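A.B. asks: Right, I'll just put the structure down here and ask away after.
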Amino acid sequence: MRGLTWDHPRGYAPLDELTRLDLAGANPYGDVPEPIEWDRQPLEGFESEPIAKLCRTYDVMVIDHPGLGAATGALVPMEELFTAEELAGLRFAGRSYESYHLDGRQWALPLDAATQVAAARPGVVVPGSWPGVVEAARSGRMALCLGGPHAFLMFCAVTCGDFLDEEAGERALELMAGLLALADPALSLRNPIGVLDAMAAGEVDFCPLLYGYVTYPLTFSDAPAWPGRKPGSVLGGTGLVVSRRRIGEICDAVRAHLLRLTSEPVQGTLFPATGGQPAARSVWTGGPGRRAPGATVGPPAFYRDTLATMEAAWIRPRFPGYIALQERSSALIREGLLAATPARDLLKTLHEEWRTP
């Protein structure tokens, strides 16, 4: 069987370890009819490579939910692989499971859970409100995360998903412009991995909003919120989809792999041990069956301190063409912020982009 995942250790290390154990003989996490040989693509491949095209080559893929809308014709819905009781027994963090539900069908099982949160060097506290972040940025070394799609995703988070609302949109762009003026300009144009690498190297003290990675030796906390509101954040993470190309031949093997990958032992033990970031809700809440022997009660700080944000995270649109629109919108916002375009004018341009067929 052939599989495709992303080329960060968080995306491939747990999967490669399972394959290694399969090839070595009896796998302590459970046997499968045949192993999966995993290929890797860059993180940006989630946006650039259509899922339907990849389905011609791969049996199982790790994907991001916004690409679902253009791909469902090439995928096997989970209802064709599992019973209603099996699906009902699965529990995932936040709205991860819901993010792969489209047109009345479940198209993927969550593998990895993530959302935008605040990150800082140990000992640095990121304020919990956006006005507080502005004040902290005046005296601290801050970076934003505006590379690739992340300028638009930050905009969506700051508007709490109401990105077409004029008042919310203008306020968000004004905030982003003010923060960028106080931030490290070069680091702020990186993607989350680039910003986190710089932070771990001591080049910057904090970033108020970016996708969290549990493996970094940094402090993560809930995303900032507007006073009186829940944290604004855009759901990320990845899910497992199944191609229709050979499903008649490999249905039993696919079932075995997906059940094992979402199982308690794999999500709660193998994933943390190999640098993964599990989607299972129990990992995030510290539920039973997830702690290693001798571990303290409760989830690790990364999960505990960002759970509220995960629970409140907004699900992006998944209609065909959304990913390209997300990319164009992000470029518009990033270029507008760098050019100091007035928020009202920038928002008007953005809204025109969304009204264009």
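The values are calculated or read from the model by the stated rules, or taken from the named source; none is laboratory data. Note that the structure is a prediction, hence the values are computed from the model and not measured. Every residue, glycine as well, gets a Cβ built from its backbone with ideal geometry; the counts of neighbours run over all protein chains shown.
A.B. asks: Residue by residue through region 20-42, note down the ones that are out of contact with any Leu (no Cβ under 9 Å at 6 or more places or on another chain) and surrounded by fewer than 17 Cβ atoms within 10 Å (Cβ to Cβ).
C.D. replies: ARG20, LEU23, ALA24, GLY25, ALA26, ASP31, PRO33, GLU34, GLU37, PRO42
A.B. asks: Now for a different question. Output the number of residues of region 162-181 satisfying the condition of being touching a helix residue (DSSP H, G or I) at 6+ places or on another chain (Cβ under 9 Å) and not in a helix (DSSP H, G or I).
C.D. replies: 3
A.B. asks: Kindly check whether there is at least one residue in region 189-205 that is under 25 Å from TRP354 (Cα atoms) and part of a helix (DSSP H, G or I).
C.D. replies: yes
A.B. asks: I'm checking my understanding of the structure. Among residues of region 49-67 that are at pLDDT below 90 and either within 21 Å of PRO9 (Cβ to Cβ) or in contact with a Phe, Trp or Tyr (Cβ under 8 Å, 6 or more places away or on another chain) (or both), which one is surrounded by the fewest Cβ atoms within 10 Å (Cβ to Cβ)?
C.D. replies: The selected residue is GLU49.
A.B. asks: Take LEU218 and decide whether it is under 24 Å from PRO66 (Cβ atoms), in contact (Cβ under 8 Å) with a residue 60 or more places away in the chain and hydrophobic (A, V, I, L, M, F, W, C).
C.D. replies: no
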